[in-house]
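Peer 1: Take a look at the following structure, please.
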Amino acid sequence: MSLESKKSPRLAIFILTWISLIVFISSIGPSSVGLLGPMLMIDTLIRPALIVSSFLLAALGFGRLIARSLKLPRAGIVFELALGLAFILELDLLLGITGVLFKPGIALLIIVLGVLALIVTSVQSLRESIELPDVPLIAWACLPASAVLIVASSSLPGGLWQSEAFGYDTLSYHLQLPREWIALGRIVPLEHNVYSFLPGLMEVGWTHLALINGGMHNNQASAMNAAHLLHASFVFISAMLAARAVLMLTGVESEKSRKPGIWLAAGLVIATPWVVVVGSMAYNEMAVVAFGLAAMVCALLPDISCLKRGMLVGALVGSACSAKPTAMFLITPIVACVMLLGSTKPTKVRHGLTLLASAAFTGSAVLFVWLIRNWLVSGNPVFPAASGLFGTGHWTSEQIQRFIQAHQFQGSFISRLALLFSTTRGMFHSQWSLLWIFVLVLSSLGLTHANTRKATVILGLGLIMACAGWLIFTHLQSRFLVPLLIAAAPMAGLGLVGLMSHLRKPLHCRIASVAAAVLVATLSIHTFIIFHHQRNGDPNIRLVQGFDAITGKMFKDQIQTSDPVHRQELVDLLSPAGYVNVVLSNSASVYLLGDATPLYFQKPVIYHTTWDTSPLGQAIRSAPDDPARWAGLLSEQGLTHVLVNLAELDRLTSDNWYDPAATQASVQRFVQSLGKPTHSWPKLGRFLYELPSQ
């Protein structure tokens, strides 16, 4: 094995610059004094990085084994990695539902088998020379955004980002569900958390990482950071697949014309602020993007049968839908357009029908396990959707109606269309920066050259159909547009390829390449600015605080041994979760009223999402005018305390998102009946009350 060394100095400088930026960005803010932030970040990420690396290596092994077994044309290591990730996550889902994944050693065995597959399938390539990658100008432009991605991934959930209510969804279900599934020893829908009825492919992945890590009890922090890093990995995977898509879509022979466009597509994926925001959290958008782009690459593979192509495309699209069901109408139209129209030869009707039928079959098969699981539990395979057809499950009609109203936009089509181009919920949200303007301008350039015109039109058609899906089937959030990058990034890359194909003078080509790097740098720097402004200029506060401070563990011994005055000072520093974990007795059991974010609570809690059945609401309906009886009914469930989030309850009841029985007035009557709070956090609107013992 030999290494080409000509590019080594440039690559080394690039890596050192990236590391320096990571150190600098992790030092931002008053909480990160000197090198405290970078040192804590390194300490935080070592274990999660090893876990995620092993997971990715195993996925690559499975992907390479699948590609070789099916005799697929070479499409690059990243395509094989995406293929393997889809396989390993779907395998996790199947084994998790049956409970096998939670048996001792199974999670680790899957990793070992994947790594062995990688070793076996890579013996031949190890004998070949390895060429170090070039470092294009656009890669340098991506450095600020990619550095922010790594630093933000090291921050614990709840610290970033403001647009996402500082990770509310990760605290409520993305990372909370793996905790509960591990405790139960099975991946099952939970009646108090409606989001557990989603396919949850990425949540299953977080569960696997946590099992490798030793669970979510003693090693919860590293398990959560591993989840962040795995999702961040999907950002880089998506970028390289976007580059591969441009390479396969363009008919331009000249390397000079193709390379800048290929790198531009990758750079736009990495540098876009929305990508870094969602990619640094335990979300699922970037898995949708990666699997969507992998399906697009698969649709363009040469010299494979229609049946095999359709089945592979369907499996990858099915995996994207398993990660986030909105992929059904956001990426499916784009991939379908590429699959049916992207071939260099016209697709015959018979071949087109074979492609669609085989893709539909395998896509449905991938989703079948989830559908059956939900049907067995609730009688509704797509609960809580399609309740008119399959029933309401364990919910009432009122709950279904409340959920539907909150998850669909009520305005006219014109008002919906206006929101698509708005700065609040559409393409001109600040976290899109100037991306869509760049895409529009560059796409018009792609129409000017014969070798890029057809691909640009195909992707544009798919993009329009996906926008229609966003307008019709979603409740119109800007973040939901992220999957559209599978068309937008390649379209921009094709535009640059088209432009470069017209240029003849080297100077003009160089200017075009520099201009493309400036576009990427604009997005990348904007990403950094958005990060810098988080938490009023203290974005690394959760990185510095650490898990033990958030949960109160670091204060426990001092509180137990301090004098009363100092003890009270320490107690006042505790968060609500920290107080419950440290101050309350081991026999305590807490009802989170208004809160659905139990991730940092270490003692038993009862919670529910705002759509699910409220224990207080049930108590009120049982004894409408008897607050003392409400408390008694809660105590009979084994609860000892109630932690009330009045601020959140006020928001939820005002939006008609909460149990209609638990009105603000009834909650006030309830807490007044409990007397003075045991402890309070007035600035947070949270108050802890003790329930009368039975």
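Peer 1: Would you mind telling me the share, in percent, of accessible area of segment 565-659 contributed by carbon and sulfur at probe 1.4 angstrom?
Peer 2: 50
Peer 1: How much accessible area does GLU398 have with a 1.4 Å probe, in Å² rounded to the nearest 10?
Peer 2: Estimated to the nearest 10 Å², GLU398 gives 70 Å².
Peer 1: Just add up the charged neighbours of LEU599: K/R +1, D/E -1, any other residue whose Cβ is under 12 Å from the Cβ of LEU599.
Peer 2: On the way: positive: ARG179; negative: ASP169, GLU180, ASP595.
Charge balance near LEU599 sits at -2.
Peer 1: Find which of VAL275, SER513, SER54 sits farthest along the positive direction of the dipole of the chain, computed with +1 on the beta-carbon of Lys and Arg, -1 on that of Asp and Glu, about the Cα centre.
Peer 2: SER513
Peer 1: What is the dipole size for segment 530-668, taken about its Cα centre, with +1 at each Lys and Arg Cβ and -1 at each Asp and Glu Cβ, in debye to the nearest 20?
Peer 2: On the way: 9 positive and 15 negative charges, 55 e Å.
In total the dipole reaches around 260 debye.
Peer 1: Let me ask another. Could you give the dipole magnitude of segment 540-586 about its Cα centre, charging the beta-carbon of Lys and Arg +1 and that of Asp and Glu -1, in debye to the nearest 20? Let's see the in-between values first.
Peer 2: Numbers: 4 positive and 5 negative charges, 35 e Å.
Its charge dipole is roughly 160 debye.
Peer 1: Per residue of segment 615-624, in order, report the coupling 6.51 cos²θ - 1.76 cosθ + 1.60 (Karplus, θ = phi - 60°) as ³J(HN,Hα) in whole Hz, putting x for Gly and Pro.
Peer 2: Here the 3J(HN,Hα) series is x, 5, x, 5, 5, 5, 5, 6, 9, x Hz.
Peer 1: Can you give the Rg to Rh ratio of segment 346-387, both from alpha-carbon atoms, with Rh computed by the Kirkwood formula?
Peer 2: Values: Rg = 14.9 Å, Rh = 11.9 Å.
Value, to two decimals: 1.25.
Peer 1: Rounded to the nearest 5, what % of the DSSP beta bridges within the chain are antiparallel ones? All intermediate terms of the calculation are to be shown ahead of the outcome.
Peer 2: On the way: 9 of 16 bridges.
Percentage antiparallel, nearest 5: 55.
Peer 1: Using the alpha-carbon centroid of each, what span in Å lies between segment 332-378 and segment 445-490?
Peer 2: 19
Peer 1: Follow-up. Take the alpha carbon gyration tensor of segment 405-546, find the square roots of its eigenvalues, order them as a ≥ b ≥ c, and report rounded if a/c is under 1.5; if not, report prolate when a/b exceeds b/c, else oblate. Before the final figure, lay out the partial values.
Peer 2: Details: a/c = 2.95, a/b = 1.24, b/c = 2.37.
Oblate shape, in that a/c is at least 1.5 and b/c is the bigger or equal ratio.
Peer 1: Also, quick follow-up: Arrange the peptides 102-109, 526-533 so that the one whose residues have, on average, the most other Cβ atoms within 10 Å appears first. Working shown, then result.
Peer 2: Details: 102-109: 14.1, 526-533: 19.9.
Answer by packing, highest mean first, reads 526-533, 102-109.
Peer 1: Then there's this: Among 68-76, 474-482, 452-460, how do they line up from the highest to the lowest mean number of other beta-carbon atoms within 10 Å? Write down the numbers at each step before the final one.
Peer 2: Details: 68-76: 12.8, 474-482: 19.6, 452-460: 22.2.
Answer by packing, highest mean first, reads 452-460, 474-482, 68-76.
Peer 1: Taking amide H atoms as placed 1.01 Å from N in the peptide plane, list the residues 5 or more away in sequence, or in a different chain, whose amide H sits under 5 Å from that of TRP161.
Peer 2: So TRP161 has HN proximity to PHE166, GLY167.
Peer 1: Under 5 Å between amide hydrogens, which residues at least 5 positions from ILE606 or on another chain qualify, with H placed 1.01 Å from N in the peptide plane?
Peer 2: Correct list: VAL590, TYR591, LEU592.
Peer 1: Once you order the gyration tensor axes a ≥ b ≥ c over the Cα atoms, which shape class does segment 501-659 get: rounded for a/c under 1.5, otherwise prolate or oblate by comparing a/b with b/c?
Peer 2: Values: a/c = 4.17, a/b = 1.90, b/c = 2.19.
Since a/c reaches 1.5 but b/c is at least a/b, the shape of segment 501-659 is classed as oblate.
Peer 1: Taking the Cα centre of the chain as origin and charging only Cβ (+1 Lys, Arg; -1 Asp, Glu), how large is the dipole, in debye to the nearest 20? Mind dumping the intermediate values first?
Peer 2: On the way: 45 positive and 34 negative charges, 494 e Å.
It works out to roughly 2380 debye.
Peer 1: In the neighborhood of VAL194, defined by Cβ-to-Cβ distances under 12 Å, what is the net charge if each Lys or Arg adds +1 and each Asp or Glu adds -1? Before the final figure, lay out each step's value.
Peer 2: Details: positive: ARG402; negative: GLU191, ASP612.
Residues near VAL194 contribute -1 overall.
Peer 1: Could I get the Rg over Rh figure for segment 588-660? Both from C-alpha atoms, Rh via Kirkwood, rounded to two places.
Peer 2: 0.95
Peer 1: Projected onto the charge dipole of the chain (+1 at Lys/Arg Cβ, -1 at Asp/Glu Cβ, origin at the Cα centre), which of ALA386, LEU639, PRO682 gives the Cα projection farthest towards the positive end?
Peer 2: ALA386
Peer 1: Using a 1.4 angstrom probe, figure out how much accessible area segment 482-617 has per residue, in square angstrom, rounded to the nearest whole. Mind dumping the intermediate values first?
Peer 2: On the way: 5270 Å² over 136 residues.
I get 39 Å² per residue for segment 482-617.
Peer 1: May I ask you to evaluate 6.51 cos²θ - 1.76 cosθ + 1.60, the Karplus curve with θ = phi - 60°, for each residue of segment 28-42 and list the ³J(HN,Hα) values in order in whole Hz, giving x for glycine and proline?
Peer 2: Ordered by residue, 3J(HN,Hα) equals 6, x, x, 6, 9, 7, x, 9, 4, x, x, 5, 5, 5, 4 Hz.
Peer 1: State the percentage of accessible surface on segment 1-120 attributable to carbon and sulfur atoms; use a 1.4 Å probe and exclude ligands, DNA and RNA.
Peer 2: Numbers: 4670 of 6120 Å².
Percent of accessible area from carbon and sulfur atoms in segment 1-120: 76.
Peer 1: Rounded to whole Å and sorted largest first, list the principal axis extents of the Cα atoms in the chain.
Peer 2: 82, 60, 51
Peer 1: For segment 390-404, take each phi angle, set θ = phi - 60°, evaluate the Karplus expression 6.51 cos²θ - 1.76 cosθ + 1.60, and give the result in whole Hz per residue in order, putting x for glycine and proline.
Peer 2: Going residue by residue, I get 10, x, 9, x, 8, 8, 8, 4, 5, 5, 4, 5, 5, 5, 5 Hz, with x marking Gly and Pro.
Peer 1: Show me 154-162, 361-369 ranked by packing, highest mean number of other Cβ atoms within 10 Å first.
Peer 2: Working: 154-162: 23.3, 361-369: 17.7.
Order by mean packing, descending: 154-162, 361-369.
Peer 1: Here's something else I'd like to know. Based on C-alpha coordinates, I'd like the Rg and Dmax of segment 205-250, in Å.
Peer 2: Final numbers for Rg and Dmax: 15.3, 51 Å.
Peer 1: FRET efficiency for GLU636 and LEU94, Cβ-Cβ distance as r, R0 = 41 Å, nearest 0.05?
Peer 2: Values: r = 39 Å, r/R0 = 0.94.
It comes out at approximately 0.60.
The values are calculated or read from the model by the stated rules, or taken from the named source; none is laboratory data. Treat the numbers as computed from the prediction; the structure is a model and nothing was measured. Please note: Cβ atoms are built from the backbone with ideal geometry, for glycine as well, and neighbour counts cover all protein chains shown. Just so you know, the surface numbers come from the protein's heavy atoms only, side chains and all, with ligands and any DNA or RNA stripped out. Shrake-Rupley method; radii C 1.70, N 1.55, O 1.52, S 1.80 Å.
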